[in-house]
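The block underneath contains the structure these notes are about, expressed in structure tokens.
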Amino acid sequence: MRHEVALGRSVRGRPIDAVALGDPDARRRLLVIGAIHGDESAGIAIARDLTADPPPRAGAIWTIPDLNPDGVAADTRQNARGVDLNRSFPWHWRPLRIERRFARLAHLPLRRLRRYPGGAASRQNHRPPTTTAFVVELPPGRPLRALVERDSNAVRTLLRRFGDA
């Protein structure tokens, strides 16, 4: 199943959309946000690649290719109001095993970044408490097709094996 959802509009009126793929009632669900910082937009291609592939047979993937279209258009980290969308959540970080699995599947090194207060992943890891969130830092600029495929495939593999994490 594939279902497109209009989530809303940015400060400047640009659409913010999500695409739901797979079984909406599945126990295994992933959310992939392509870009939350406007000057870090390489993940948009990965989110779009996931939506172009067939829906998963088991589980569901929700993608939001661009959560900050005003920032992407202006090539700035913040949105049109100067807000860093990833630093506006009220919670602290906690390390989780699933990060290692994704890094291994995507053939990326696992490095701990400085923990910023109010990060989106921190908030998601707390509410609801049964979820897991992490951030994949991508290089700036347009990603190579091989990187897009590699990371897209890692997300799909993670969904299939999520229960084993």
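Check off (1) assigned to a loop (DSSP other than H, G, I, E, B); (2) among the charged types (D, E, K, R); (3) at pLDDT below 60 for Arg115 and give me the number that stays unchecked.
(3)
What number of residues within the stretch 45-88 satisfy the criterion of being hydroxyl-bearing (Ser, Thr, Tyr), crowded, with 21+ Cβ neighbours inside 10 Å and in a loop (DSSP other than H, G, I, E, B)?
Final tally of qualifying residues: 0.
Quick test for you: out of Pro95, Pro139, pick the one residue that is in a loop (DSSP other than H, G, I, E, B) and at pLDDT 70 or above.
Values: Pro95 fails: at pLDDT 70 or above.
Answer to the check: Pro139.
Return yes or no: is Ala42 small (Gly, Ala, Ser) and surrounded by fewer than 19 Cβ atoms within 10 Å (Cβ to Cβ)?
Answer is no for this residue.
Being farther than 12 Å from Leu67 by Cβ and surrounded by fewer than 18 Cβ atoms within 10 Å (Cβ to Cβ) is the filter here, so list the residues in the stretch 10-28 that pass it.
Val11, Arg12, Gly13, Asp23, Pro24, Asp25, Ala26, Arg27, Arg28
If you check Ala80 against the conditions, is it at pLDDT 90 or above and farther than 21 Å from Gly141 by Cα?
No: the conditions fail for Ala80.
The values are calculated or read from the model by the stated rules, or taken from the named source; none is laboratory data. These numbers come from a predicted model, not from an experiment. Here Cβ is always computed from backbone atoms with ideal geometry, including for glycine, and neighbour counts include all displayed protein chains.
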